[in-house]
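Notes follow once the structure below has been shown.
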Amino acid sequence: MKVGTDGVLLGAWVSVRPTDRRILDIGTGTGLIALMLAQRAAAASITGIDIASVDEARRNADASPWGDRLHFEQCPVQRFEAEPFDLIVSNPPFFVESLRCPDAGRTQARHAVELPFEALRDALLRLLAPEGRYALVLPVAEAARFEALCEGELHRLRRTEVRTTPRRAPKRVLLEGTRRPTAAPVCDALTIGTGAHETYTDEYRLLTRDFYLKF
């Protein structure tokens, strides 16, 4: 799978704290988000897991300056066992009710077939440290489904609606949450492009400039 905007958004947007020592990337794919977090969290050990091969993620990590802090394992999260994590991130499969693509690889990556939202919720509850946080990127409808599924068990810290241009409706939602209720969750919005060809908003440039050579 190619590097996508969703992964870049999540890797740049998620809060990283100095106390984050153990980070998990569920469905790591190419290792993109894990690599971004290794760049941002200099003291953290980062694990990426995926039901598919993690060979590409390992190659990318070995070619980076942070390879010694990145570990990858081919394992479905339903069977993954480890000590609790301070931060768990995922750009999970979605399109819960859509037709499947005839290509098996893209079906696995884009549909909640191997990782239904119930399994993702259960993994977060099982693998998060008591004060840990999780962060996800999802389409708007799927984000609402996931939050409804987690009601009373996982609690929102931040929610950012993402538009591709000012005139378009929000296309994605960035979610950050925890196991414990919070008094005042933050809700805001982000717009990627201005509407002109290949022209990006200042807010998107500021968020992602450490990761895009063109910025």
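The values are calculated or read from the model by the stated rules, or taken from the named source; none is laboratory data. Fair warning: this is a prediction, and the values are worked out from it, not measured in the lab. Note that we place each Cβ from the backbone using ideal geometry, even for glycine, and neighbour counts take in every protein chain shown. Heavy atoms of the whole protein, side chains included, go into the accessibility calculation; ligands, DNA and RNA do not. Shrake-Rupley method; radii C 1.70, N 1.55, O 1.52, S 1.80 Å.
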The range 30-53, residues that are of a type in the set (Gly, Ala, Ser), open to solvent by 40 Å² or more (accessible area, probe 1.4 Å) and not in a loop (DSSP other than H, G, I, E, B): Ser45
So in the range 1-17, with the set limited to residues that are in a loop (DSSP other than H, G, I, E, B) and over 16 Å from Leu128 (Cβ atoms), which one is modelled with the lowest pLDDT? Met1
Tally time: how many residues in the range 61-81 are without any contact (Cβ under 8 Å) to a residue 24 or more places away in the chain and either open to solvent by 30 Å² or more (accessible area, probe 1.4 Å) or more than 14 Å from Ile46 (Cα to Cα) (or both)? 6
When restricted to Asp20, Asp25, the only residue part of a strand (DSSP E or B) and at pLDDT 95 or above is Asp25
Go through the residues of the range 9-18 one by one and say whether even a single one is of a type in the set (D, E, K, R) and under 12 Å from the mean Cα position of the chain (by Cα). no
